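A.B. asks: First the structure, then my questions, so here it is.
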Amino acid sequence: MSQTRDAAIVGIHEYPSRDVEGELSPLQIKAQSAARALEDAGLNWRDVDAVYDAGEGGPMSGLTIAEYFGLKPNVIDTTNVGGSSYEYHAAHARRDIAQGKARVALLTYGSTAHSNMARIGVGGRGGLGVQPGDNMESFVGMTLVANYAMAARRHMYEYGTTSEQLAEISVATRLHAMRNPQAVKAMEDLEFLNIRETTIEDVVNSRMIADPLHLLECCMISDGGGAVVIAAPEVAKDCAKTPVWILGTGEATKYPENGGDITTSAAAQSAPQAFGEAGVTPTEIDIAMIYDSFSITVLALLEDLGFCPKGEGGSWVEGGRLRFDRPDDGPALNTDGGGLSSNHPGMRGIFLLIEAARQLRGESTSQVTDAKLAVAHGNGGMLGSRHCAGTVILGRD
Amino acid sequence: MAEATRPLPSLKELDTRPFWEATKGKQLRYQKCDACGTVVWHPRGHCTGCTNGTLSWHTASGNGTLYSYSVVRQSYHPFFRTLVPYAIAWVDLDEGPRVLSNIVGVGDPTTDLACGQRVKLTWEEHEELSIPLFTPA
């Protein structure tokens, strides 16, 4: 299949603070990020004719943000699939632009999860389930961490994966975080202990949160947000920065099934769509921006995206293979520091697109020399039960 | 302040109400399609295997295999924080359904559980329903 260049990321902004101390609203973070991303592209509010939103504005969020931003968009898309929403938004923006429905698409995200003291990972989400699936599960005292931990436990059982192998993901990500001043500031503001490069021993000796996942295998809960501007080729050619083309996309769902395999995520369905559409293979990918809610998320997704066969992720990541300075060994992982060590306000998907674009522009703090192809993969929902997957393949000319 | 208790399922949710009503009599029920044989879990009003099947309720033996589990060490929930460390598990019932539950009656859940081990049903009684939990067989 021939590669198409229907739409490109032309503007990005990652909101710099991870702790706004309750002094900013999610909508304000979205608007400030949007303005900076438009500025980055050399565009203005009036150029935007399509908005994509995951619902921080409440019910009818598409209308809320159109008014708040002062826009009159022709396309409004409020797909909410958790942390993968922004990969879906990028896919839909590309489709809408290719069909001629829009020329400049604006994606924004804002969250004050940290200021709100949202203990997302360990909230013991009992609640009163209203969906039938929830009503069969809400009595057990599930936590987000335990949900992912069950996928890790089964991966260990079936494939012999070890905590030391999972720790490789945390170690590589922290290495990248220590090179990113915004990530270091984030860890300081969130009062991380021992802010430094970590070792495998550090990770496996950190406190167990939900067996077999340790503290340093779990993402942070920050404030934050960002924006991405996606534009048609005729707009992109006049923008300020190198266009980062959206070459292929894929979407998929996964939920509990009798006899199902929780070590395999929805990425196994979304990735072949995206790679096929882009006409590239995983071996060609320089940058892997993979949703790192937890170490196991990355390990399972590396397999499902096709970087290595199912079950071999543990041995594949060994020896620091995911570091930015090992380009001959495969893709560099989460070169901004990831959700584990830089930014996770609840729905991290937008930062996957932002850092992938930085790498392909040559702007990363852990720059991979001559990076040409990136994959951004969002996992929204919960790996061990029900989730959505969004895969986006990005490339530069 | 009243003592925190386990959050209980709603008896008003339409798809799962028949399941929870049967738990009062300590019956663990699941649905199977009369036409195509698909075992449907969680309970719902239609067969996911065919478009014209009728689902019948069956009673499970309560025997199953531990598919995977985690031991929660940290929780901010007012009830579950009093239970840590406690085990959450996916259990494959012999009849097919994969159910989410807790493994109880284990000395130390951090060391005494393993994927693949056999488990059996035990009930925690409440006023209007019972909660299906599992214990090593």
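A.B. asks: What is the gain in length, in nm to one decimal, between residue A:328 and residue A:281 on full extension, counting 0.36 nm per residue of separation less the C-alpha to C-alpha distance?
C.D. replies: 15.4 nm
A.B. asks: Give, as ranges by residue number, the residues of region A:25-43 whose backbone N falls under 11 Å from the point 7 Å along Cα→Cβ of residue A:363.
C.D. replies: Label zone hits: A:36-42.
A.B. asks: Could you work out how far the C-alpha centroid of region A:323-397 sits from that of region A:65-111, in angstrom?
C.D. replies: 20
A.B. asks: Next question. About the Cα centre of region B:17-136, what is the dipole size in debye to 20, counting +1 per Lys and Arg Cβ and -1 per Asp and Glu Cβ, all else neutral?
C.D. replies: I would put it at about 180 debye.
A.B. asks: Specify the inter-centroid distance of region B:24-47 and region B:79-129, based on alpha-carbon positions, in whole Å.
C.D. replies: Comparing the Cα centres of region B:24-47 and region B:79-129, I get a distance of 21 Å.
A.B. asks: Please give the residues of region A:375-397, grouped as numeric ranges, whose backbone N is less than 19 Å from a label point set 7 Å along the Cα-to-Cβ vector of residue A:237.
C.D. replies: Within reach of a label on residue A:237, which here means backbone N under 19 Å from a point 7 Å along Cα→Cβ, region A:375-397 contributes A:396-397.
A.B. asks: Mind giving me the nanometre distance, one decimal, between the label points for residue B:114 and residue B:59, set 7 Å out from Cα along Cα→Cβ?
C.D. replies: Here the modelled spin labels are 3.3 nm apart.
A.B. asks: Averaged across the residues of A:141-154, what count of C-beta atoms belonging to other chains lies within 10 Å of each residue's C-beta?
C.D. replies: Whole-number average of other-chain Cβ neighbours for A:141-154 is 6.
A.B. asks: If you don't mind, another one. Mind checking which aspartates and glutamates have their Cα closer than 16 Å to the Cα of residue A:237? Skip sequence neighbours fewer than 8 apart in that chain.
C.D. replies: Partners found: A:6, A:39, A:40, A:47, A:397.
A.B. asks: Which FRET efficiency value, to the nearest 0.05, do you get for residue B:22 and residue A:261 by plugging their Cβ-Cβ distance into 1/(1 + (r/R0)^6) with R0 = 41 Å?
C.D. replies: Computed FRET efficiency for residue B:22 and residue A:261 comes out at 0.90.
A.B. asks: What is the sum of charges, Lys and Arg at +1 and Asp and Glu at -1, for the other residues whose Cβ falls under 9 Å from the Cβ of residue B:20?
C.D. replies: -1
A.B. asks: Right, something else. Report the relative contact order of chain A, percent, no decimals, based on alpha-carbon pairs under 8 angstrom and at least 6 residues apart.
C.D. replies: 26
A.B. asks: If packing is taken as the mean number of other Cβ atoms within 10 Å per residue, what is the order of A:303-309, A:82-88, A:290-296, highest first?
C.D. replies: The densest-packed peptide leads the list: A:290-296, A:82-88, A:303-309.
A.B. asks: Another one. Counting alpha carbon pairs within less than 8 Å and at least 6 residues apart, what relative contact order, in whole percent, applies to region A:84-204?
C.D. replies: Relative contact order, region A:84-204: 16 percent.
A.B. asks: For region B:17-136, what relative contact order do you get, as a whole percent, if you take Cα pairs closer than 8 Å and at least 6 residues apart? Could the numbers behind the result be given before it?
C.D. replies: Working: 244 pairs, mean separation 29.1, N = 120.
Reported as a whole number, the value is 24 percent.
A.B. asks: Still on this structure: Suppose only helical runs count, i.e. DSSP H with n ≥ 4. What mean residue ellipticity at 222 nm does that imply for chain A under -39500 (n - 2.57) per run, divided by all residues and rounded to the nearest 500 deg cm²/dmol? Could you put the intermediate results ahead of the total?
C.D. replies: On the way: 14 runs with 137 residues, N = 397.
Taken over chain A, the calculation gives -10000 deg cm²/dmol.
A.B. asks: If you don't mind, there's one more thing I want to ask. Counting C-alpha atoms alone, how compact is chain B: give Rg to one decimal and Dmax as a whole number, in angstrom.
C.D. replies: Final numbers for Rg and Dmax: 16.1, 52 Å.
A.B. asks: Shifting gears a bit: What is the sum of charges, Lys and Arg at +1 and Asp and Glu at -1, for the other residues whose Cβ falls under 14 Å from the Cβ of residue A:31?
C.D. replies: Values: positive: A:30, A:36; negative: A:39, A:53, A:56, A:67.
Neighbour charge sum, excluding residue A:31 itself: -2.
A.B. asks: Going highest first, how would you order B:29-38, A:140-149 by mean Cβ packing within 10 Å?
C.D. replies: Working: B:29-38: 16.8, A:140-149: 26.8.
Final packing ranking: A:140-149, B:29-38.
A.B. asks: What whole-number distance in Å separates the alpha-carbon centres of region A:168-232 and region A:35-62?
C.D. replies: Going from one Cα centre to the other spans 28 Å.
A.B. asks: Right, next: I want the local charge near residue B:39. Using Cβ-Cβ distances under 14 Å, sum +1 for each Lys or Arg and -1 for each Asp or Glu among the other residues. Walk me through the numbers before you get to the answer.
C.D. replies: On the way: positive: B:29, B:32, B:44, B:98; negative: A:257, B:34, B:92, B:94, B:95.
Net charge around residue B:39: -1.
A.B. asks: Oh, and also: Rounded, prolate or oblate: which fits chain A when a ≥ b ≥ c are the square roots of the eigenvalues of the alpha-carbon gyration tensor, with rounded for a/c under 1.5 and prolate only if a/b beats b/c?
C.D. replies: Verdict is rounded for chain A.
A.B. asks: Still on this structure, please answer the following. Rounded to the nearest 0.05, what FRET efficiency do residue A:158 and residue A:207 give with R0 = 25 Å and r taken as the Cβ-Cβ distance? Could you check?
C.D. replies: Working from the Cβ atoms, E equals 0.45.
A.B. asks: Go through chain B and flag any cysteine with no other cysteine's C-beta closer than 4.7 Å, please.
C.D. replies: If one checks each Cβ against the other cysteines of chain B, B:115 turn up with nothing under 4.7 Å.
A.B. asks: Could you sort out which of A:72/A:241; A:310/B:12; A:30/B:12; A:310/B:26; B:12/B:120 sit more than 31 Å apart by Cα distance in this structure? Mind showing how you got there, number by number?
C.D. replies: Working: A:72/A:241 25 Å; A:310/B:12 41 Å; A:30/B:12 39 Å; A:310/B:26 40 Å; B:12/B:120 28 Å.
The pairs that break the limit, which is 31 Å between Cα atoms, are A:310/B:12; A:30/B:12; A:310/B:26.
Read the figures in this text as sums done on the coordinates, not as results from a lab. As the structure is a prediction and not an experimental result, all values here were calculated from the model. Every residue, glycine among them, receives a Cβ derived from its backbone with ideal geometry; neighbour counts consider all protein chains shown.
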